[in-house]
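Here is the structure we will look at, set down as C-alpha cells.
The values are calculated or read from the model by the stated rules, or taken from the named source; none is laboratory data. Because the structure is a prediction, the values reported are computed rather than measured. Glycine also receives a Cβ, built like all others from the backbone with ideal geometry; neighbour counts cover every protein chain displayed.
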Amino acid sequence: MTDLSRRRFLKASGVAATAGAALMGTGFANAQEPSPPGATTLPYPREGIAKAGGLKVDVPMPFNYPDPESFCQIIKTGRPVPGGVGPDGDIVAFSTQCTHNGCPLSYDKVARTFKCGCHFSIFDPEMRGQMVDGQATENLPRILLEHDTKDDTLYAVAVEGLIYGRQCNLL
C-alpha cells in the first residue's frame with residue numbers, strides 16, 4: 001500500500017480537477033464573451049424581449065432569460081415603480097420560479113402580486129419582487145431591463161438575485 005501524503009493528494013486532486021474542467025469546457029455556452037479572471041459579474045447576454053408600446057397594463061408577457069430554461073414575465077404596472085423602465089417607469093420583469101421550492105408563479109391582476117400555488121408565497125412586483133408572505137425567504141430574482149427609446153425595444157441585460165435551483169444564473 002502506498003503512503004499518500006496530504007500534499008501529494010491535494011496536488012493530484014488539483015491536476016484532475018483542472019483536466020476535467022478543460023475537457024468539459026467553461027459551462028457558459030450562452031454567454032457572449034468569457035469572463036476575465038477575477039470578474040465579479042456574469043457575462044449576461046443582452047436580449048430584446050418586447051416593445052414597450054405593445055405591453056398592456058397588468059397583462060404579463062412570458063419570456064425566457066438568460067437561457068431557455070429560465071421562465072420569466074414582464075409586466076407593465078401602469079404606475080412608476082422602483083426599478084421600472086420605459087416611458088412611464090412602470091415596466092418590470094422577474095423570474096417566475098418561486099424562491100422557496102421552484103414552483104411556477106402566476107400573476108394575480110386583482111392583488112397585483114405573483115402567487116405560488118404550491119406553498120402560497122406572495123411576491124410584490126411593484127416593490128422589486130419583495131417577498132410579502134409565505135414559505136419563501138428570498139425576493140424574486142429581478143430581470144434588469146433597458147429601454148431603447150429609438151425603437152421602443154426593451155432589453156433584458158442581467159439578473160439581480162439567484163434563480164431557484166442554480167449555483168449560477170447562466171447555464
Does any residue of segment 150-164 turn out to be part of a loop (DSSP other than H, G, I, E, B), surrounded by fewer than 18 Cβ atoms within 10 Å (Cβ to Cβ) and in contact with a helix residue (DSSP H, G or I) (Cβ under 9 Å, 6 or more places away or on another chain)? yes
Taking segment 38-58 as the search range and keeping residues that are more than 17 Å from residue 152 (Cβ to Cβ) and among the aliphatic types (A, V, I, L, M), which one is surrounded by the most Cβ atoms within 10 Å (Cβ to Cβ)? 42
Restricting the first residue to segment 105-123 and requiring it to be within 16 Å of residue 164 (Cα to Cα), which pairs with a second residue that is among the aliphatic types (A, V, I, L, M) and surrounded by fewer than 17 Cβ atoms within 10 Å (Cβ to Cβ) meet a Cβ separation below 7 Å and a spacing of at least six or different chains? 122/132; 123/132
Considering only segment 133-149, state which residues are of a type outside the set (Ser, Thr, Tyr), outside any strand (DSSP E or B) and either surrounded by fewer than 17 Cβ atoms within 10 Å (Cβ to Cβ) or modelled with pLDDT under 95 (or both). 134, 135, 136, 138
Note on segment 84-102: residues more than 15 Å from the chain's Cα centre (by Cα) and either surrounded by fewer than 17 Cβ atoms within 10 Å (Cβ to Cβ) or outside any loop (DSSP other than H, G, I, E, B) (or both) are 85, 87, 88, 89, 91, 101
Test: residue 136 is small (Gly, Ala, Ser) and touching a Cys at 6+ places or on another chain (Cβ under 9 Å): yes
Conditions (1) at pLDDT 95 or above; (2) farther than 16 Å from residue 65 by Cα; (3) of a type outside the set (Asp, Glu); (4) in contact with a strand residue (DSSP E or B) (Cβ under 7 Å, 6 or more places away or on another chain) -> residue 80 fails only (4)
Please determine whether any residue of segment 157-170 is farther than 18 Å from residue 42 by Cβ and among the hydroxyl-bearing types (Ser, Thr, Tyr). no
Screening 117, 134, 129 for residues that are under 15 Å from residue 73 (Cα atoms) and not aliphatic (A, V, I, L, M) leaves only 129
